[in-house]
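What follows is one structure encoded as structure tokens, with my remarks underneath.
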Amino acid sequence: MAYTVPKLKDFSPAALDGAVAELLSALEEESAQPGNADARKAFRDRWLARKDGILTQINELWLKAAPKDAKRDVGQRVNKLKAEVEQKVEAALEKKPAASADTSLDISLPGIRRPIGAEHPIIRTMNEIVGVFKNLGYSVAEGPVIETDYYNFEALNFPPNHPARDTQDTLFLANQETKPRREQLLLRTHTSPVQIRTMEKMRPPVRIVIPGKVHRNDPPDASHSPMFHQVEGLAVDTNITFGDLKGTLDHAMKALFGSSAKTAFRPSFFPFTEPSAEMYVSCFICGGSGKRGSDPCRPCKQTGWIEILGCGMVDPNVFEFVKHNGYDPEKVSGFAFGMGIDRIAMLKYGLDDLQLFFQGDVRFLEQFG
Ligand code: PHE
């Protein structure tokens with residue numbers, strides 16, 4: 001039973017010795033198990049609290065209750081006892097609790113399970129694409145998402161006010177009207193500015209892939225998002241031909257979609273490549289037949305082909321902007337390509353709504369764990 005301060009009737013030295021011994025042995029016992037922080041505070045309060053602590057009770061029940069002729073003796077004993085109790089309580093509180101004495105730790109309880117994160121399907125697809133080019137000896141470059149007009153447009157051969165700029169639905173940063181145009185900041189609309197940034201830093205030959213986020217002023221719907229992802233590629237050396245471009249991309253598509261994937265090129269236009277092309281890959285959903293059983297194949301719109309990227313031979317006008325770093329358009333040539341990752345990931349995982357990637361719904365994301 002827990003110790004309580006007894007009311008004394010007998011104030012003889014022998015009786016007082018006994019009462020003091022009993023109290024000290026109770027204190028000894030309680031100090032042996034200091035417990036966790038709450039238990040320690042309770043222990044301290046029980047003995048030392050001004051209001052109703054054991055020492056206060058001793059004052060009331062022993063000292064004040066003592067008959068006149070015993071007061072002097074009781075007073076001395078109580079003072080000594082108080083000093084001793086205070087010192088012992090503090091000493092007990094300073095002791096570190098032994099692990100087993102800490103009642104807050106029960107090692108037999110099951111542990112806390114933390115949900116394990118999974119690579120986001122877009123990042124996973126991005127890494128797969130980058131991995132294919134790494135195996136071909138390409139290195140990885142990155143660049144800023146907030147870009148200047150110079151890198152996003154001008155040095156990529158988009159003349160000022162050229163209609164090709166309109167096709168990019170650019171998001172500009174506000175309040176920049178006073179800056180010269182080439183310094184105005186925008187959210188990059190493609191990863192192509194990193195072509196220029198890389199060529200400014202590295203002399204030819206270069207072989208790089210550039211993964212990253214890009215933005216365009218497109219309202220979100222099942223197939224559009226104002227933020228999406230691209231992987232860009234650039235190879236520059238002496239004597240790089242359109243044949244190298246075709247061979248490299250054909251190999252990459254087979255590595256990504258399986259060895260039976262076929263590629264096709266159609267003429268296109270980009271200001272920074274000449275000639276330019278759009279590349280199609282045989283539909284990896286229907287195998288190129290345009291049909292799934294007796295149903296039409298929706299992802300390729302029954303054509304058997306899926307448009308996967310833009311590409312072309314680096315325009316000599318682009319090399320002019322980095323000529324000082326060894327890119328003389330008379331001496332070097334190169335190819336570039338850029339593909340949207342989000343759409344490839346959608347096709348790969350059979351999704352019909354792009355927004356699923358960006359809503360952060362754990363029930364969706366945990367399926368990729
Ligand atoms: N930057 C182009 C786009 O976003 C794609 C591209 C990259 C085309 C490189 C040609 C060469 O549409």
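The values are calculated or read from the model by the stated rules, or taken from the named source; none is laboratory data. Model, not experiment: these values are computed from the prediction. Every residue, glycine among them, receives a Cβ derived from its backbone with ideal geometry; neighbour counts consider all protein chains shown. Side chains included, ligands, DNA and RNA excluded: accessible areas come from the protein's heavy atoms. Shrake-Rupley method; radii C 1.70, N 1.55, O 1.52, S 1.80 Å.
How large is the dipole of the range 1-89 about the Cα centre if only Lys and Arg carry +1 and Asp and Glu carry -1, each at its Cβ, rounded to the nearest 20 debye? Spell out each step's value before the answer.
Values: 16 positive and 14 negative charges, 87 e Å.
That gives the range 1-89 a dipole magnitude of about 420 debye.
Amide H to amide H, which residues 5 or more places from Leu309 or on other chains are under 5 Å from it, using H placed in the peptide plane?
Close amide H contacts, sequence-distant or interchain: Met279.
When a/c reaches 1.5 or more, the comparison of a/b and b/c decides; with that in mind, is the range 292-369 rounded, prolate or oblate per its Cα gyration tensor?
oblate
Taking the Cβ of Tyr138 as the center, what net charge do the other residues with Cβ under 15 Å away carry, scoring Lys and Arg +1 and Asp and Glu -1?
My count for the surroundings of Tyr138 gives -3.
What angle, in degrees between 0 and 90 and rounded to the nearest 10, separates the Cα long axis of helix 37-48 from the longest principal axis of the Cα atoms of the chain?
On a 0 to 90 degree scale, this one is about 20.
Can you list the HN-Hα couplings for the range 174-186, worked out from phi with the Karplus curve (6.51, -1.76, 1.60; θ = phi - 60°), rounded to whole Hz and with x for Gly and Pro?
Once θ is set to phi - 60°, the couplings for the range 174-186 become 6, 6, 10, 4, 7, 7, x, 3, 5, 9, 5, 8, 8 Hz.
So for the chain, taking the charge dipole from beta-carbon charges (+1 Lys/Arg, -1 Asp/Glu), which of Ala277, Ser25, Pro204 sits furthest toward the positive end?
The residue sitting most towards the positive pole is Ser25.
Return the long-range amide H neighbours of Gln176 (sequence gap of 5 or more, or a different chain), with a cut-off of under 5 Å between placed amide H atoms.
Under 5 Å from the amide H of Gln176 lies no amide H from a residue far enough along the sequence or on another chain.
Report the one residue of Phe43, Gln76, Gly131 whose Cα lies farthest in the direction of the positive end of the charge dipole of the range 24-153 (charges on C-beta: Lys and Arg +1, Asp and Glu -1; origin at the Cα centre).
Value: Gln76.
Name the trypsin sites (Lys or Arg not before Pro) in the range 1-51 that are in a loop by DSSP and that have at most 14 other C-beta atoms within 10 Å, would you? Could you put the intermediate results ahead of the total?
Working: sites: Lys7, Lys9, Arg40, Lys41, Arg44, Arg46, Arg50, Lys51; in loops: Lys7, Lys9, Arg50, Lys51.
Qualifying residues, ordered by number: Lys7, Lys9, Arg50, Lys51.
Determine the dipole magnitude for the chain: charges of +1 sit on the beta-carbon of Lys and Arg, -1 on that of Asp and Glu, nothing else is charged, the reference point is the Cα centre, and the result goes in debye to the nearest 20. Don't jump to the answer; show the numbers that get you there.
On the way: 46 positive and 48 negative charges, 160 e Å.
Value, rounded to 20: 760 debye.
For Cα pairs less than 8 Å apart in space and 6+ apart in sequence, what is the mean separation divided by the residue count of the range 13-96, i.e. the relative contact order in percent? Don't jump to the answer; show the numbers that get you there.
On the way: 42 pairs, mean separation 27.9, N = 84.
That works out to 33 percent.
Stokes-Einstein D for the range 152-257 at 25 °C, 0.890 mPa s, Kirkwood Rh over Cα pairs, in µm²/s?
153 µm²/s
Identify, among Ser289, Tyr151, Phe11, the residue whose Cα sits farthest towards the positive end of the charge dipole of the chain, taking +1 on the Cβ of Lys and Arg and -1 on the Cβ of Asp and Glu, with the dipole about the Cα centre.
Farthest towards the positive end: Phe11.
Once you treat every alpha carbon in the range 1-128 as an equal point and sum by Debye, what is log10 I(q)/I(0) at q = 0.11, 0.17 Å⁻¹?
-0.52, -0.91
Which value, in debye to the nearest 20, describes the size of the charge dipole of the range 305-349 about its Cα centre when Lys and Arg Cβ atoms bear +1, Asp and Glu Cβ atoms bear -1, and nothing else is charged? Don't jump to the answer; show the numbers that get you there.
Details: 4 positive and 6 negative charges, 41 e Å.
With Lys and Arg at +1 and Asp and Glu at -1, about 200 debye.
Taking a ≥ b ≥ c as the square roots of the eigenvalues of the Cα gyration tensor of the range 121-368, is the shape rounded (a/c under 1.5), prolate (a/b larger than b/c) or oblate? Working shown, then result.
Working: a/c = 1.85, a/b = 1.29, b/c = 1.43.
It comes out oblate by the Cα gyration axes.
Quick test of your reading: applying the under-4.7 Å Cβ rule, which cysteines of the chain are isolated?
Cys311
What percent does the relative contact order of the range 259-369 come to when contacts are Cα pairs within less than 8 Å and at least six residues apart? Intermediate results must be reported in sequence, preceding the final value.
Working: 158 pairs, mean separation 21.8, N = 111.
So the answer I get is 20 percent.
Averaging sequence separations of C-alpha pairs under 8 Å and six or more residues apart, then dividing by the length of the range 121-368, give the relative contact order as a whole percent. Don't skip to the end; give the middle numbers.
Working: 474 pairs, mean separation 52.1, N = 248.
Dividing the mean separation by the residue count of the range 121-368 yields 21 percent.
Loop-only GluC sites (Glu not before Pro) in the range 306-353, please: DSSP not H, G, I, E or B, and at most 13 other Cβ atoms within 10 Å. The partial results should precede the final answer.
Numbers: sites: Glu307, Glu320, Glu330; in loops: Glu330.
Within the range 306-353, the qualifying GluC sites (Glu not before Pro) (loop, at most 13 other Cβ atoms within 10 Å) are Glu330.
Going down the list Lys51/Lys71; Lys134/Lys291; Lys7/Lys68; Lys41/Lys71, which pairs span over 26 Å between their C-alpha atoms? All intermediate terms of the calculation are to be shown ahead of the outcome.
Details: Lys51/Lys71 23 Å; Lys134/Lys291 34 Å; Lys7/Lys68 16 Å; Lys41/Lys71 33 Å.
Table pairs above 26 Å Cα-Cα are Lys134/Lys291; Lys41/Lys71.
Counting only Cα, what are the radius of gyration and maximum Cα-Cα distance Dmax of the range 112-197, in Å?
Here Rg and the maximum Cα pair distance are 17.6, 59 Å.
Expressed as a whole percentage, what fraction of the accessible surface of the chain belongs to carbon and sulfur atoms when a 1.4 Å probe is rolled over the protein heavy atoms? Let's see the in-between values first.
On the way: 10800 of 20700 Å².
Heavy-atom surface of the chain belonging to carbon and sulfur, 1.4 Å probe: 52 percent.
Sort the following peptides by mean Cβ neighbour count (other Cβ atoms within 10 Å, averaged over residues), highest first: 73-82, 332-341.
Most protected by this proxy first, the peptides run 332-341, 73-82.
Using a 1.4 Å probe on the protein heavy atoms only, what accessible surface does Ile54 show? Give it in Å² to the nearest 10.
Here the accessible area works out near 10 Å².
What shape does the range 1-67 take by its C-alpha gyration tensor, where a ≥ b ≥ c are the square roots of the eigenvalues and a/c under 1.5 counts as rounded, a/b above b/c as prolate, and the rest as oblate? Before the final figure, lay out each step's value.
Details: a/c = 3.48, a/b = 1.75, b/c = 1.99.
Verdict is oblate for the range 1-67.
Which whole-number value in Å² is the accessible area per residue of the range 121-368, probe 1.4 Å? Walk me through the intermediate numbers first.
On the way: 11960 Å² over 248 residues.
Each residue of the range 121-368 exposes 48 Å² on average to a 1.4 Å probe.
Where in the range 251-294 are there trypsin sites (Lys or Arg not before Pro) that are in a DSSP coil and have at most 16 other Cβ atoms within 10 angstrom of their Cβ?
Numbers: sites: Lys254, Lys262, Lys291, Arg292; in loops: Lys262.
Hits after loop and neighbour filter: Lys262.
List every residue whose amide H lies under 5 Å from the amide H of Gly290, counting only residues 5 or more places away in sequence or on a different chain, with H placed 1.01 Å from N in the peptide plane.
Gly304
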